[in-house]
Amino acid sequence: MPTFTPVRSVRLRPALLTLGLLTLGAAPAAAQTGGILPLVSVGEKWPQAQESYVIRVSAADAGRPLGLEVYSPTFNLADYVDGRRGDGYFGDELYKKNEPFESTFTLTGPAGTVVERRYGLNREHTWESLFAGGLAAGTYTLKVSSRGDGKNSFALRVAAPFALETSDFSVNARSTDASPLLAARVNVTADWVGKTLGLLNYDVDGAPEAELWAVQPGGARVNLTASENGRTATDPFRITPELVGEWQLFIRVLPTTRQYSNAIRYSFRLEDKPITARVGGFTLPDTVKIANQLLVDVVDPQGRPIPGASYALVGDAVVRPQLPPGYVPVSGTLLQGTGNVVSPTEVRYQPGFNKIRFVARPPEGQLAVDAVALYGDQRIPLTGVPFEVAGRTLTTPATVPLAPGDYPVAPTGIPGSTFTRPLPGRVADGGTNRVTIEYRVRTEVTLVTAPDILNACDVTQLTATARTEFPYRLPARLKLNLPTGWTSDYPLEVPGEFSQGQPLRLKVPVRVCRSDTAEAVLDPIDLRTTGQARVRNPGGANVTRNVEGGARASLQKSVEATAQGYLVTLILNVDSTLENLRLFDALPAGGAQPAVRGPIQVQGPSLANVNPRVEGDSILLGRVIPGTYTLTYTLFTDQPADRIVTAPDLSW
């Protein structure tokens, strides 16, 4: 940079200014007490046209006050005038009189520009707030550029835990600072071992101007090469485990300097690739207030900060909230300061200390979920049925507050029923949508006639049974339809309820004077099945099982006396392929000796895999296909003929 004849130095008051570095944890070195080391933006003839600093906001720190503040963002015409330094000299230099000079500070992030401020000329150094509020998680860049033939010195700081990072930046070393000043901190990590760290400086103007050095972990000082005018000097370091940790870079202007201030650029490289160091920082004197400080809160109606929310400045007089997608503005308030509220999304203010609050609410609607049982033409409300929505498990009926969007509802299966997954519920802001889970109930009805072979006008017993695995009680009416020639003095229907483990039964003694078929009917679903009785001797029994939406099967049992005992014939008719069909065929009880079942013979469709297996009072058939099967065996018992007929049953 241009050189000037030095005059009597005027030192900044140490009580006002401290080192220009944001330190995180480690105690500052004693050499930091010499004052602020200014950063600098050069308007022309500088290889770095724009100074750039990175601020990283983690998810954990989103919304915390950034506290981005600057000392001396304007160009002070009294700083260097007519070849002399003024009182409180900070390094501003204009090389052509009566020409404009302007510096622009721009903070950008993932959502675009956060704030942009332009500073012109004045005759004082001021303390300014650039952006005090919180930011959403992400990486932000502060860029500083100047127009005009000169250089503008300034200092930056951010609030903890944030930091300013850069790989290439410019400082302004002043002859007013006889003490060494800390320029940057470089954090050397373990994964750098074996690699080369390069510390570069540009345009120191030779060794008589300033000395530069690094303090390595452990406190060792290593002198760095001072670059010549318009040239870059590089000091390479091969990283060993002993060099892992924080490096501090210092600079001290020597008494042999020929300049009031000297713009110098630092760069940091690892294997010739840019790496960042921490820079910036200052301590605000107790007697000084930040000028034009703006504090903005963006909160929900309960006063809690909205994650991911921030604000944007429009010029120097308008602030607007930046809300996460879908959030609905509620209000804007000027808590302190001067200005007016234009709308819930805009507040105008006058320069000074201003505190503004924006309130917004998250978008929210409701999803109501209920469940019904489809039973005949009835829709029976079901309570306590679990379901999942938006990662939560709830029970019906439930109304869930949710952000707008489409939400799949995952039902839970109920025994004895089937369901079709409902369409996702669509939630709109301020509205309520309903999703109904429909369970189609499965029921069955059986009719047992025992005995089913009897003498003319003898009495048999008809037993109609309604069953289900559905755990909720179902209203029903079970009734019998008798053919001509069948009579009973008992009621032929019964109202009631049935559910899992609690069947509804109707038992009626019937006098049978002719062979025919009775019918059992389950209302309100009109599920029907039949039972047959024959007037002849010897006796028998039959059962028919009809499952709603499933298979139908009937079993006829007849018993005839033989010379060796009794011949038992079971005739099975099925209309569907069934696995593990169980025939309940209890042996008669009583007598001096237990009844014994002889080997079972089976005739039926050739493709069936019957393989009968006896398990207690049950005969298990492995697999049957539609058709008719005849099973016979000899029953050995000392019971009389009128006590050997037992009622059969079916299950699968």
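The values are calculated or read from the model by the stated rules, or taken from the named source; none is laboratory data. All of these numbers come straight from a predicted model, not from anything done at the bench. Backbone-built Cβ (ideal geometry, glycine too); neighbour counts: all protein chains shown. Only protein heavy atoms, including side chains, enter the accessible area calculation; ligands, DNA and RNA are left aside. Shrake-Rupley method; radii C 1.70, N 1.55, O 1.52, S 1.80 Å.
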Long-range amide H contacts for Asp297: which residues qualify at under 5 Å (H placed 1.01 Å from N, peptide plane, sequence gap of 5 or more or a different chain)? Ile356, Arg357, Phe358
Rolling a 1.4 angstrom probe over the protein chains, ignoring ligands and nucleic acids, what is the accessible area of Phe353 in square angstrom, nearest 10? 90 Å²
In range of the label at Arg552: residues from the stretch 499-536 whose backbone nitrogen is under 11 Å from the point 7 Å along Cα→Cβ: 528-530
The stretch 361-507: relative contact order in percent, alpha carbon pairs under 8 Å with at least 6 residues between: 20 percent
Carbon and sulfur atoms: what percent of the 1.4 Å accessible area of the chain do they account for? 49 percent
Whole-Hz couplings from phi, Karplus 6.51/-1.76/1.60, listed for the stretch 195-209; x for Gly and Pro: 9, 9, 8, x, 10, 10, 9, 10, 6, 6, 6, x, 4, x, 7
Rounded to the angstrom and largest first, Cα extents along the principal axes for the chain equal 141, 60, 37
Quarter of the Cα convex hull surface for the stretch 517-652, i.e. its orientation-mean projected area (nm²): 8.9 nm²
Computed FRET value (nearest 0.05) for Asp235 with Arg258, which takes r as the C-beta separation and R₀ as 35 Å: 0.90
If Tyr327, Tyr53 are ordered by their accessible area, calculated over protein heavy atoms with a 1.4 Å probe, which sequence runs from highest to lowest? Tyr327, Tyr53
HN-Hα J couplings of the stretch 348-359 from phi, Karplus 6.51/-1.76/1.60, θ = phi - 60°, integer Hz, Gly and Pro as x? 9, 9, 9, x, x, 8, 10, 10, 10, 10, 10, 10
P(r) for the stretch 202-275: what percent of alpha-carbon pairs falls in each 10 Å bin, starting at zero? 17, 48, 28, 7, 0
Keeping every protein chain present and rolling a 1.4 Å probe, give me the accessible area per residue for the chain in Å². 45 Å²
Report the Cα centroid-to-centroid distance between the stretch 69-148 and the stretch 532-601 in angstrom, as an integer. 102 Å
Need one number: the % of Cα-Cα pairs in the stretch 98-172 sitting beyond the 14 Å mark. 68 percent
Pull up all non-local amide H partners of Ile437: gap of 5 or more, or a different chain, and H-to-H distance under 5 Å with H placed in the peptide plane. Asp370, Ala371, Val372
Over the stretch 524-580, one equal point on each Cα, no solvent: what is log10 I(q)/I(0) by the Debye formula at q = 0.16 Å⁻¹? -0.63
Only bridges with both residues in the chain count here: give the DSSP antiparallel percent, nearest 5. 90 percent
For Cα pairs less than 8 Å apart in space and 6+ apart in sequence, what is the mean separation divided by the residue count of the chain, i.e. the relative contact order in percent? 9 percent
Given pairs Lys289/Lys355; Lys151/Lys273; Lys143/Lys273; Lys45/Lys97 and cut-off 26 Å on Cα-Cα distance, the over-length ones are Lys151/Lys273
Karplus-derived 3J(HN,Hα), 6.51/-1.76/1.60, for each residue of the stretch 461-478, Hz, glycine and proline x: 10, 9, 10, 9, 9, 9, 10, 7, 9, 5, x, 8, 5, 10, x, 7, 9, 9
Partner aspartates and glutamates for Lys479 [C-alpha distance under 18 Å; skip if fewer than 8 residues away on the same chain]: Glu444, Asp489, Glu493, Glu497, Asp516, Glu519, Asp523, Asp526, Glu548
Would you please give the residues with an amide H less than 5 Å from that of Asp452, counting only those at least 5 places away or on a separate chain, with H modeled from the backbone geometry? Gly540, Ala541, Asn542
